[in-house]
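Written out below as structure tokens is the structure these notes cover.
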Amino acid sequence: MRVTLVDKEFHDVGMNEYIIRVVNEKKPDTVEQLLKLIKQKWNMPEQEIIEHILRLQNEGKLVFKSRENAPPFSTRLYLFSADAAWYWVIVSLTLASAVLVFTIPEEAFPMVYARYILGSVFVLWSPGYCLIKVMFPTKELDIIERIALSIGMSLAIVPLTGLLLNYTPFGIRPTPITLSLLALTLALATVGIVREHQDSLKEHSLSRG
């Protein structure tokens, strides 16, 4: 165990020194360029390389140049930025839809119309939108394309979810379908916001501290 820890420590030091050397010698303009240069030598997951870069930034060994509208380097801070507004809209609509399904009966006029409206968004738009965010997290698509694909993907996801539930003890009933779509939508939204943040970071300028 001690040998393993020592090897890991030397590995981390070597990685950090290599990152600093690449920044000094190659002078990449963005984090994305830096990642490509590092991956040419180190066969590591991209997220692990980003963690090393973040550690060097926290130690003051790498300084990220300020840029207008630059994203926060921390995912937690990014969640509370304006760019993450879509995430909180999805979370709010999804939770509100699930609550209305379980609390408002069919005969509760006129509140039942709120259930119908939010339920339609919950089924026909939210799951697909989150999946599209995972696949295309930044600006590869315009608004019209993203809306159209969101509806199309939702129309594919919901029947597939029902089909899978049909082969479980829960069956195709309102409660398991609602909970399944709730969990799936929130999971996809979370993955989507993380991917969006990582892609934004790759475009962020940096310099040697």
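A few remarks follow.
- Considering the stretch 1-103, the qualifying helices (runs of 4 or more DSSP H), each wholly inside and each with 1 or more residues that are modelled with pLDDT of 80 or more and under 30 Å from Ser120 (Cβ atoms), run over 75-79, 85-103.
- Picking from residues in the stretch 128-145 that are surrounded by fewer than 17 Cβ atoms within 10 Å (Cβ to Cβ) and not in a loop (DSSP other than H, G, I, E, B), the one that is farthest from the chain's Cα centre (by Cα) is Ile144.
- Matching residues in the stretch 151-201 - criterion: being crowded, with 19+ Cβ neighbours inside 10 Å and of a type in the set (D, E, K, R): Glu196
The values are calculated or read from the model by the stated rules, or taken from the named source; none is laboratory data. Just so we're clear, the structure is a prediction, and the values are computed from it rather than from any experiment. Quick reminder, even Gly has a Cβ in these numbers, built from the backbone with ideal geometry, and neighbours come from all protein chains shown.
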